[in-house]
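What follows is calculated from the coordinates using simple rules that are stated; it is not laboratory data. From a predicted model like this one, the values you see are computed outputs, not experimental measurements. We place every Cβ from the backbone using ideal geometry, glycine too, and count neighbours over all the protein chains shown.
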Amino acid sequence: MVVLLGYLATLVTISSFLISDMFRLRLCNTLGCLLWMGYGVIQSDTPIILVNCLIMLIHLWWFVQHITKKNNRLQ
């Protein structure tokens, strides 16, 4: 079961790089990060948890910047 989670996380992460729209790419990659973090927690693998938390924080920061910029343009 854990191996399947790892394969699913890999599939989602790799698939995210096939998306040309930056918003959707980051959204899909964020899902991949969540799956990898779940895998890391089950495996007690701190480096996998840490790197995916950091990547997810970068994506979240981008989402906030993107949405803020978009809202500022609408005003």
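According to a simple spin-label model (label point 7 Å from Cα along Cα-to-Cβ), what is the distance in nm between Phe23 and Leu8?
Once both label points are built, they end up 2.7 nm from each other.
What net charge is computed for the residues neighbouring Trp61, neighbours being all others with C-beta under 13 Å from the C-beta of Trp61, Lys and Arg scored +1, Asp and Glu -1?
+2
Only helical DSSP H runs with n ≥ 4 go in: add -39500 (n - 2.57) per run for the chain, normalise by residue count and round the 222 nm mean residue ellipticity to 500 deg cm²/dmol.
The per-residue figure over the chain is -30500 deg cm²/dmol.
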